[in-house]
Amino acid sequence: MSKVRRIGDYWMDPETGNRWQAGKFSRLQAEIEACRQAACRHMTDCVGLRDCVGLRDCVGLADCEVLLYCTGLRDCSGLADCVGMHGVQRLRNVSGISGTPSSYVTGPVGSRAANTRFWFLPNRIHVSCGCFVGTIEAFEAEVWDRYDEGHEHRIEYDREIAIARMLAGKEVSQ
């Protein structure tokens with residue numbers, strides 16, 4: 001028995017309210033998406049969740065690193081420790097956010113002459129720099145592997161890492 005139903009120009013999952021344009025999705029594609037997105041409930045450790053359009057009723061979404069290009073997230077209670085939220089739009093009806101990070105954004109640094117963002121979470125610092133997203137420790141190791149001591153980019157990144165750690169210390173003490 002089919003889970004999705006055709007309602008007007010959309011295939012709709014009656015359990016979640018998620019819907020897909022019938023002109024862009026076949027019934028089978030909508031069924032597959034409905035099954036994939038059913039995991040939205042009580043999702044934890046969801047690393048690299050991306051291109052998720054219209055996820056609804058996401059209860060217990062936690063420890064989400066790299067939430068990319070997600071539009072129309074709705075009714076997401078218990079959203080916790082989500083960092084690296086790039087291109088996220090229309091985040092609505094969110095409650096129970098824990099560990100909402102503050103952040104520090106650098107000026108242009110490194111080989112890309114671009115900004116780097118440090119997110120301050122209760123027990124860790126996450127970094128988003130170009131395609132790198134991870135802990136400050138992993139970022140520091142990446143910088144040290146890539147650039148020799150004394151290289152201008154290593155000096156810039158080391159300085160920003162030190163600033164982020166200093167700011168994180170102030171965040172904890174407040």
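Just so it is clear, none of the values below were taken in a lab; they were calculated from the coordinates. Keep in mind the model is a prediction, meaning the values are calculated, not measured. Cβ atoms come from the backbone with ideal geometry, glycine included; neighbour counts cover every protein chain shown.
Things worth noting here:
- LEU28 paired with TRP144, simple spin-label distance in nm, labels 7 Å along Cα-to-beta-carbon: 5.2
- Using the Cβ-Cβ distance between ALA114 and HIS151 with R0 = 22 Å, the FRET efficiency computed as 1/(1 + (r/R0)^6) comes to roughly 0.80.
- By the count of other C-beta atoms within 10 Å, a proxy for reagent exposure, GLU149, GLU142 are ordered fewest to most as GLU149, GLU142.
- Difference of contour (0.36 nm per residue) and Cα-Cα distance, SER103 to LEU167: 22.1 nm
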